[in-house]
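Worksheet: the structure to be examined is printed underneath.
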Amino acid sequence: MEPSATLDSLAQELRVFRPLPQLVVEANVNPQELVAFRRQAERDPLGYWEEAADELDWYRKWDRVLDDSDAPFYRWFPGARCNIVYNCLDRHIETANKNKLALIWEGEPGDSRKFTYYELYREVNRFSGALRTLGVKKGDRVAIYMPPLPETVIAMLACARIGAVHALTFAGFSAKALRSRIRDVDAKLVVTADAFYRNGQIIKLKPIVDEALVGGADSVDSVVVVHRATVETDMQEGRDFWYDDVVRRERREAPAEVMDANDPLFLLHTSGAAGAPKIVQHSHGGYMVGVSRTLTHVFDIKPTDIFWCTADLGWITGHSAVVYGPLLAGTTTLIYEGHPNYPQADRMWNIVSKYGVTVFYTASTLIRMLMRFGPQYPRMHDLSSLRLLGTVGEPIGAETWLWFYRHIGRGECPLLDTWWQTETGMFMISPLPISILKPGSVTRALPGVEVDVVDREGASVPPGKGGLLVVTRPWPAMMTGLYGPGGEEQYRAAFARFHGRYLTGDVASRDEDGFLWILGRSDDVLNIAGHRLGAAELENAFRTHPAVAEAAVVGVPDKIRGEAAKAFIVLVEGRKGSTELMVELQNHVRRELGPVVVIKSVEFRESLPKTRSGKILRRVLKCAETGADPGDLSTLDDEDAPE
């Protein structure tokens, strides 16, 4: 949906929050340095990113910073040789970080495990050796279908260490969705767990993998199973191996593969507006430079920090802000396995207090959920260790921002609302701890990042007017391609509309002070609790039900998740809509795609609004739900006009 007139009247947040003087004094990047970084990045953007790259270790330096000869297929640091895992682990064990905690993990039942950098280094080496023993080599794809466990992190790092390409699938997805993702990347090996704990229950994963591998995932030679819960597990001889068995015989030293800076690091499914999920590819060199620089600047990483990003590892936030970013920064990253409200709504605050978390980075969806229980739960715990808060995902909104700031941050911790995407890899727009803050605003683009808000013709819009958010020049951690058939055309399309500028798909506005406000999605991608799901994928799931003739899905506002899905269904002849059928369809889609998919409501209709060429006009349906102006209806088939 294009920006409409309703965005122009958006009431901007007038309250302003300034950082405490002591925090400014102690910041790694002070206000004068931030100004200098911005000036340098504007004057010499490639020089700015070259300095960031010099902070990391390389086997061989680059021939040039950026090769833009085949734009928009940019190649950062061409000629360079590196390995991101060397920078996450090896270089730290040569310093005082060797015996520093790298990873803290807490299971839902209360068990915990801790790894120093040296211990994590050795565990990654052992699984690297195991992968090589199982026949995985440089360039092979490895599917990881895991809950938040230490072995999930180890598997990611071990793949990258040997030059294999990992592809994580969120452990809430169904066997059907997992099968399609395994096929998409032609995975040679799958890493999974027998089961895990969630909301007081044991969720079995291995049977889902077994089902996914039946009939069509022929590329998979081996399945490695982590023993997490005490459940009976079927193991297929010759294909399935227990994790403990394959690492037991491996050495604790394994050389890191020397990678070209533009060799692929991981593949990650996202969702496009017009079909099946896209498969974003990120590569070793540029990704590690962008993630390292932006995470350390935004979160002001200190030697004593305990960094907790609550994102699942199966999403880009888990990749960049749970695993790679914190380990590149040499800080301690924390992972929690279970449900945030188990056994009651103070579990998150209990963990903060228990481990002395200093930086807490989470989705605004989670904060909205916890707000329902009131401030009494955070009051039960000592949250004084916190010094910085951060949010990610859908726009946070002023009400949620203020609750988080007051009741969790005690009115003392800067709350840093970040904007970025799977495609960007790194933080793009965010305040720093020294920034002036406006509740609900992501503030300004970071140094080295250039964005604009434009109308449908590509012209910059004036302050206060809604428009399309675009990134106007390349950045190091940008996706290096879209994997699979049609990927090249999809990738080019992201840059084609505005002549080389990257179209983010988000609607934004900029106020008189230059602060940016993210207003939502402009395309047919739903952002449900921070998980991006394509309308087409949801509609296809509905259409697999025998009662459904046609389906259209749009995002509607949801107080807890930010956005939920509403489905408009045309039934096959002879079927009538009912409450029972609505529930049946909701459950059907959850079985097809997994419990991450929340269908808020189902509306049965005689027809759907379409263009004369037969394309469903989802924006007409969405505008009818939100009261927004649907814009130009000249292409609408008169027979299908909205009621």
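Observations
- Considering the stretch 283-386, the qualifying helices (runs of 4 or more DSSP H), each wholly inside and each with 2 or more residues that are touching a Gly at 6+ places or on another chain (Cβ under 6 Å), run over 284-298, 364-371.
- When the stretch 542-558 is limited to residues that are charged (D, E, K, R) and in contact (Cβ under 8 Å) with a residue 24 or more places away in the chain, the one that is farthest from Gly577 (Cα to Cα) turns out to be Asp558.
- Residue list for the stretch 556-599, filter: in contact with a strand residue (DSSP E or B) (Cβ under 8 Å, 6 or more places away or on another chain), within 20 Å of Ile367 (Cα to Cα) and not hydrophobic (A, V, I, L, M, F, W, C): Pro557, Asp558, Arg561, Gly562, Glu563
Yes/no matrix, rows are residues, columns are (1) under 30 Å from Glu512 (Cβ atoms); (2) among the aliphatic types (A, V, I, L, M); (3) modelled with pLDDT of 95 or more:
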| site | (1), (2), (3) |
| --- | --- |
| Ala459 | yes, yes, yes |
| Thr480 | no, no, yes |
| Pro485 | no, no, no |
| Tyr491 | no, no, yes |
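- Any pair with Cβ under 7 angstrom, 6 or more apart, that starts in the stretch 559-579 at a residue that is farther than 12 Å from Ala549 by Cα and ends at one that is among the basic types (Lys, Arg) and at pLDDT 85 or above: Ala564/Lys600; Ala565/Lys600; Lys566/Lys600
- Where Trp403 falls short, out of the listed (1) out of contact with any Lys or Arg (no Cβ under 6 Å at 6 or more places or on another chain); (2) among the hydrophobic types (A, V, I, L, M, F, W, C); (3) at pLDDT 95 or above: (3)
Okay, residues lined up against (1) out of contact with any strand residue (DSSP E or B) (no Cβ under 6 Å at 6 or more places or on another chain); (2) surrounded by fewer than 23 Cβ atoms within 10 Å (Cβ to Cβ):
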position	(1), (2)
Arg252	yes, yes
His284	no, no
Ser292	yes, no
Val322	no, no
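- A single member of Glu237, Glu253 is more than 30 Å from Met348 (Cβ to Cβ) and in contact (Cβ under 8 Å) with a residue 60 or more places away in the chain, and it is Glu253.
- Residue ranges of helices (runs of 4 or more DSSP H) in the stretch 92-189 with at least 3 members touching a Leu at 6+ places or on another chain (Cβ under 7 Å): 117-133, 150-162
- In the stretch 478-493, the qualifying residues are those that are crowded, with 19+ Cβ neighbours inside 10 Å and under 26 Å from Val461 (Cα atoms), and the one that is nearest to the chain's Cα centre (by Cα) is Met478.
- Selected residue [within 17 Å of Trp475 (Cβ to Cβ), free of Cβ contacts under 8 Å to residues at least 40 places away in the same chain and of a type outside the set (Val, Ile, Thr)] from Arg75, Arg64: Arg64
The values are calculated or read from the model by the stated rules, or taken from the named source; none is laboratory data. Small disclaimer: the values here were computed from a predicted structure and weren't measured. Cβ atoms come from the backbone with ideal geometry, glycine included; neighbour counts cover every protein chain shown.
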